[in-house]
Every structure is written in C-alpha cells, then in structure tokens.
C-alpha cells in the first residue's frame, strides 16, 4: 500500500463515520436486548435499559470497538489519536449524566447507583478499548486499501448502508443466532405472540433449531454476497437489483421481528 500523506479532511471524516457507525451498532444491540428481555419502551431510557447493567455496558463498548476498528483499517497515521477522539461523544455523554444527573441528586437509589457505575466504567473503558481496537484494525490496513472507500466499500454506498442496512444486518443476524441456543425458552420469551414464530415454535425444539439454523445460514450467505457486490469495481444495474433484494430481505425480516 502506498504511503499516505496525512489529510485533515480524511482524519475528520473517518472520525465522524466511526462515531455514527458506533451508534448504529449500539442501537442494533439495544433492539435485540429489548426484544429478548421484554423491556417496554417506557423502561428503555437513554442511559438505563430496563434492569440491564452488564448488557448496557457491553452494547456501548461493542459500538465503540466497531468504530475504532474501522478507523484502524482506514488511517495509516495518527490512527490511535483518531480512535480515542471517536470515543469522546460517549465519554462526554456519560460524564454529563454523572455531573448533571447523578451528583446533584445525592441519593443512593438503585437507578442512581447504576447510572453512576455505568458512567465511571464507560468513561474509563471507552477510550482504552478504542485505542486497542484501532491497533487491531491496523493489522488489516493492507486488506482495505481501496481508495475513497471504507472497508473496501465506496463512501457513497455508506450513505444508505448506515441508516437502512447495517442496523438490520446486526439486529436480525444476532437475534437469529441467539434463537439457536434459546429455543428451549421460547415459551417464556413470548415469541408465540409474533406471527413469524407462531407456526415454527409449535413443533418440537429440534425442528425449530433446524429451521432457525437454515434461516441464519441464509442470512450469512445473503450478507456475504451483498458485501462481495458492494466491493466490486463496478456495480451495474443487475447487481444493483440483487443488492436491493438483499436489503429488502433484511428489511422484511426486521419488520417481522422488531416491528410487528
């Protein structure tokens, strides 16, 4: 890979991209957590997601790691600095909660204690994880060398991938994967209330697992094929229609799982 001169424009753009990517990833994890734990919309706050604690930390840190990793695959210089900067919005958010919500209350109620602990953990852990995730991403720098692209996908495709596709890839795939080992508890999860699963889960668990396994395998094939097409040198109208079909598939499953 040719030496890259430092560009402040590239530096700023990848930071903004990583911040948005981190938010999309965290929000997709939020949907899955809310669905499986039956957390109502009223219980899903900005800071606390129902009674979750470790999962809230996990979701935030996974989003941070994803954004920082991409920074590592994109920048050749000042990579770790950029990665740490991408964690600033998260750190500022939790620091603001700590200063303006937790500290003024002076109360030891469970919610206040949880927010306090969440704030401290994420303020400290986010930049550290961002730093090491970027280091990991740098190992793949030569694999993602396509100009004017991120992860070898041209920048203009990300304008629709981020808002319309990426969250569905994560949410639907993770939801399906979790089903593979949680089918025994389907009666407790209320999945019978969802029309998509009402037929499937009337059969024995082994049949359910086989069906879910093939659905998950199909998702992986669909996502892999879409990525292959998006990273091709030129996308003609036929490939464009195929990509649209992949996006439509994920969109339909997303609506059936998380909306209906």
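Residues are listed down the side, and each one gets a yes or a no for (1) surrounded by 15 or more Cβ atoms within 10 Å (Cβ to Cβ); (2) in contact with a helix residue (DSSP H, G or I) (Cβ under 6 Å, 6 or more places away or on another chain); (3) closer than 27 Å to residue 136 by Cα:
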site: 79; (1), (2), (3): yes, yes, yes
site: 82; (1), (2), (3): yes, yes, yes
site: 94; (1), (2), (3): yes, yes, yes
site: 99; (1), (2), (3): no, no, no
site: 105; (1), (2), (3): no, yes, no
site: 109; (1), (2), (3): no, no, no
site: 116; (1), (2), (3): yes, yes, no
site: 122; (1), (2), (3): yes, yes, yes
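Annotation: residue 58 fulfils all but one of (1) surrounded by 17 or more Cβ atoms within 10 Å (Cβ to Cβ); (2) at pLDDT 95 or above; the unmet one is (1). Can you tell me how many residues within the range 24-39 are surrounded by fewer than 18 Cβ atoms within 10 Å (Cβ to Cβ) and in contact (Cβ under 8 Å) with a residue 40 or more places away in the chain? Residues flagged as surrounded by fewer than 18 Cβ atoms within 10 Å (Cβ to Cβ) and in contact (Cβ under 8 Å) with a residue 40 or more places away in the chain within the range 24-39 amount to 2.
Within the range 40-50, does at least one residue satisfy the condition of being part of a loop (DSSP other than H, G, I, E, B), under 30 Å from residue 6 (Cα atoms) and in contact (Cβ under 8 Å) with a residue 12 or more places away in the chain? No: the range 40-50 contains no residue that is part of a loop (DSSP other than H, G, I, E, B), under 30 Å from residue 6 (Cα atoms) and in contact (Cβ under 8 Å) with a residue 12 or more places away in the chain.
Counting only residues that are surrounded by 14 or more Cβ atoms within 10 Å (Cβ to Cβ) and over 19 Å from residue 11 (Cβ atoms), the range 141-151 holds 0 of them. Restricted to the range 219-238, and to residues there that are part of a helix (DSSP H, G or I) and at pLDDT below 95, the residue that is surrounded by the fewest Cβ atoms within 10 Å (Cβ to Cβ) is 237.
Would you check if residue 179 is buried (at least 19 other Cβ atoms within 10 Å of the Cβ), under 22 Å from residue 38 (Cα atoms) and modelled with pLDDT under 75? No.
The values are calculated or read from the model by the stated rules, or taken from the named source; none is laboratory data. Keep in mind the model is a prediction, meaning the values are calculated, not measured. Heads up, the Cβs are rebuilt from the backbone with ideal geometry, glycines too, and the neighbour counts pull from every protein chain shown.
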